1. Which condition number in (1) in contact (Cβ under 8 Å) with a residue 24 or more places away in the chain; (2) surrounded by 15 or more Cβ atoms within 10 Å (Cβ to Cβ); (3) over 14 Å from residue 126 (Cβ atoms) is the one that residue 2 fails?
2. Could you list, in sequence order, all residues of the stretch 12-40 that are under 19 Å from residue 99 (Cβ atoms) and surrounded by 13 or more Cβ atoms within 10 Å (Cβ to Cβ)?
3. Taking residue 51, is it within 15 Å of the chain's Cα centre (by Cα), surrounded by 11 or more Cβ atoms within 10 Å (Cβ to Cβ) and at pLDDT 95 or above?
4. Considering only the stretch 25-64, state which residues are in contact (Cβ under 8 Å) with a residue 12 or more places away in the chain, in a loop (DSSP other than H, G, I, E, B) and more than 27 Å from residue 8 (Cα to Cα).
5. Return the residue satisfying two criteria in turn: it lies in the stretch 65-95 and is part of a loop (DSSP other than H, G, I, E, B) and in contact with a strand residue (DSSP E or B) (Cβ under 9 Å, 6 or more places away or on another chain), and of such residues it is surrounded by the most Cβ atoms within 10 Å (Cβ to Cβ).
């Protein structure tokens, strides 16, 4: 059986990780808000899909400092089995999960070379919180956003 989703390539076209010079080591915040945005696009000329995952963690204000301000974009190119019933959902869940785990390892590597403890992205699920129960179909959104908290 062939896998329904194949990763062709992935890369990080934008990475911004800034250590906060005012952060006090040993006083790690109890939680950090991470925001994720997922977008899925299909190349009309072939069966290649692009998944874009954007991850941000920024301090809420001057009183709630975090060790690192993060803004990262990961892009993955995927192919989906032609017989798969809902390619977009597969890409939003599994494709985004693949990119997120790659981003987690990438950020651990980058922040482990910084002045503060390494930043570890929290485990999250890209499954929809609630399946659409109504029979009326709404237009599909090209981008979804999730907020998660990391507890340290």
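1. (2)
2. 12, 15, 17, 34, 35, 36, 37, 38, 39, 40
3. Yes, satisfied.
4. Scanning the stretch 25-64 gives 25, 28, 29, 30, 58, 59, 60, 64.
5. 67
The values are calculated or read from the model by the stated rules, or taken from the named source; none is laboratory data. Source: prediction; values computed, not measured. Backbone-built Cβ (ideal geometry, glycine too); neighbour counts: all protein chains shown.
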